[in-house]
1. List the lysines whose Cα sits under 19 Å from the Cα of Lys43, skipping any in the same chain fewer than 8 residues away.
2. Ratio to report: Rg/Rh of the chain, with Cα atoms as the point set and Rh obtained by the Kirkwood method; give two decimals.
3. Ignoring ligands, DNA and RNA, please state the percent of accessible area on the chain from carbon and sulfur, probe 1.4 Å.
4. In the full protein assembly as shown, how much of Tyr151 is accessible to a 1.4 Å probe, in Å² to the nearest 10?
5. So what are the stretch 167-240's ellipsoid semi-axes, whole angstrom, largest first, if each one is the square root of 5 times an eigenvalue of the alpha-carbon gyration tensor?
6. Considering only DSSP beta bridges with both partners in the stretch 3-238, what is the antiparallel share in %, to the nearest 5?
7. Using amide H atoms built in the peptide plane, which far-off residues or other-chain residues are under 5 Å from Ala32 H to H?
8. For the chain, what is the accessible area per residue in Å², given a 1.4 Å probe and the full set of protein chains?
Amino acid sequence: MLEIIRIPVLSDNYVWLVHEPESLETMVVDPAVAEPVLAEADKRGWKITQIWNTHWHPDHTGGNAAIKEATGCQIIGPEAERERIPTLDRFVKEGDTARLGDVVADVIDVPAHTAGHIAFYFPTEKAAFVGDTLFAMGCGRLFEGTAEQMYDNMRKLEKLPDATKIYCAHEYTKSNGEYALVAEPDNLALKERMAEVLTLRERGEATVPTTIKLERATNPFMRAASAEQLAARRIAKDNF
Ligand code: ZN
Ligand code: FE
């Protein structure tokens, strides 16, 4: 069983610290910065042995060098972005696995937000680290890819089991939900969820991880009926 800790950094990023108690390995997903991550691991008596990157953006890799310098950890990331993440030690793509002790994650290619974006899915833990591809009620902006690619990504992710926890990299839920209500004004599950989200945010609490079941019911990008509809919704959200 993995222990998964959420570390809020910068204005709205979440860095995930993941500990495997048998091997005592500890991994960081997408460290935007180093200091708060090193401090959290220290506080728990955990030694960081790995960093896993989902894509090259600085708010996901900015802490790589300093954490590696402090711990000697190994850094794993997308093969297609190896030139853009010079700190990588190992490059992976769909079909490859990454492991924390004996716990194995499958790599899934999810290009669109960036051209080489990947996700890490732990089947035995029902946990997926999706970076900036899937958010609670949202999806990543299409900086280096197409709506067709994002539509395909949603098909891959919606196949994961209902209970799969989705660890995304930003707290965007409230603004995503506000747009989602415009896209699907009659979606009752969405209205109920938004009420809960507003309560959590008023208390300053996090709204992630989410689950695949919740996203299937409330995410207007996962629910888009076609790549064309996803494209239209993405443009509308960009201008919302
Ligand atoms: Zn990004
Ligand atoms: Fe990001």
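The values are calculated or read from the model by the stated rules, or taken from the named source; none is laboratory data. Only a predicted model underlies this, so the values are computations on that prediction, with no experimental measurement involved. Just so you know, the surface numbers come from the protein's heavy atoms only, side chains and all, with ligands and any DNA or RNA stripped out. Shrake-Rupley method; radii C 1.70, N 1.55, O 1.52, S 1.80 Å.
1. Lys68
2. Numbers: Rg = 17.1 Å, Rh = 17.9 Å.
Rg divided by Rh gives 0.96.
3. Roughly 51 percent, rounded to a whole number.
4. 50 Å²
5. Numbers: eigenvalues 83, 33, 31 Å².
Here the semi-axes work out to 20, 13, 12 Å.
6. Values: 28 of 42 bridges.
So the antiparallel bridges amount to about 65 percent of the total.
7. Correct list: Gly63.
8. On the way: 10400 Å² over 240 residues.
Roughly 43 Å² per residue, with all protein chains present.
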